[in-house]
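A quick write-up on the structure given underneath.
Derivation of every value follows stated rules applied to the coordinates shown; laboratory data play no part. Bear in mind that the values here come from a model prediction, so they are computed numbers and not experimental data. So basically every Cβ, Gly included, is an ideal-geometry build from the backbone, and we count neighbours across all protein chains shown.
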Amino acid sequence: MFVAETKIRVRYAETDQMGYVHHGNYAMYFELARVDAIEKIGITYKGLEASGIAMPVAHMSIDFKRPAFFDETLTVKTIIRQLPTSKFITEYEVYNDTELITKASIILVFMNLATRRPVRCPQEIMNGLLPYFSD
């Protein structure tokens, strides 16, 4: 299992009239955390795209437990529990200090940019993740 942590400071523009982080901003937080996580295994989104691979979101599920507010520093854990195939399943836990405030699951699909068709997980991602899945 691979786990990475990313710190995100809530900006005023990300809050709504109630002072809560607007629910739509969590997708951005998850993307920032996912980009950071794959960089920790030596892969960049820019490099993937240059090699003709994209990773569009196919499904996203979010469970909001508690709100987050302006100027709080959140910790977003990106969790990969299984090696990807043509699908890449990522889970997220958002903490405010030690309190779990949001959980999410996102399914991405590896896609060939030229054909717009699904493809298997690129070998460089597998190589980066394999050390975390060896017994």
Inset, instruction - Identify, by number, the condition in (1) of a type in the set (Lys, Arg); (2) within 27 Å of TYR132 (Cα to Cα); (3) touching a strand residue (DSSP E or B) at 6+ places or on another chain (Cβ under 6 Å) that LYS46 doesn't meet. - result: (3)
Legend entry - Residue in region 24-33 that is out of contact with any helix residue (DSSP H, G or I) (no Cβ under 7 Å at 6 or more places or on another chain) and either polar (S, T, N, Q) or over 16 Å from ILE8 (Cβ atoms) (or both) present: no
Legend entry - Single match in VAL119, VAL109 (criterion: in contact with a Lys or Arg (Cβ under 7 Å, 6 or more places away or on another chain) and of a type in the set (A, V, I, L, M, F, W, C)): VAL109
Legend entry - Contacts under 7 angstrom Cβ, first residue in region 20-43 being touching a residue at least 24 places away in the same chain (Cβ under 8 Å), partner in a loop (DSSP other than H, G, I, E, B) and surrounded by fewer than 18 Cβ atoms within 10 Å (Cβ to Cβ), 6 or more apart: TYR20/PRO67; VAL21/PRO67
Legend entry - Filter result (touching a His at 6+ places or on another chain (Cβ under 9 Å) and part of a helix (DSSP H, G or I)) within region 1-38: GLU14
Inset, instruction - Report yes if ILE38 is over 17 Å from VAL119 (Cα atoms), among the β-branched types (Val, Ile, Thr), surrounded by fewer than 16 Cβ atoms within 10 Å (Cβ to Cβ) and under 13 Å from the mean Cα position of the chain (by Cα), otherwise no. - result: no
Inset, instruction - Mind counting the residues in region 8-29 that are within 15 Å of ASN96 (Cα to Cα) and surrounded by 11 or more Cβ atoms within 10 Å (Cβ to Cβ)? - result: 7
Legend entry - Selection from region 42-77 of residues that are closer than 29 Å to THR115 by Cα and of a type outside the set (Gly, Ala, Ser): ILE43, THR44, TYR45, LYS46, LEU48, GLU49, ILE53, MET55, PRO56, VAL57, HIS59, MET60
Inset, instruction - From (1) without any contact (Cβ under 8 Å) to a residue 60 or more places away in the chain; (2) hydrophobic (A, V, I, L, M, F, W, C); (3) touching an Asp or Glu at 6+ places or on another chain (Cβ under 8 Å), pick out the condition that doesn't hold for ALA13. - result: (3)
Legend entry - Residue within region 99-115 that is surrounded by fewer than 12 Cβ atoms within 10 Å (Cβ to Cβ), farther than 19 Å from ALA4 by Cα and either free of Cβ contacts under 8 Å to residues at least 40 places away in the same chain or touching a strand residue (DSSP E or B) at 6+ places or on another chain (Cβ under 8 Å) (or both) present: yes
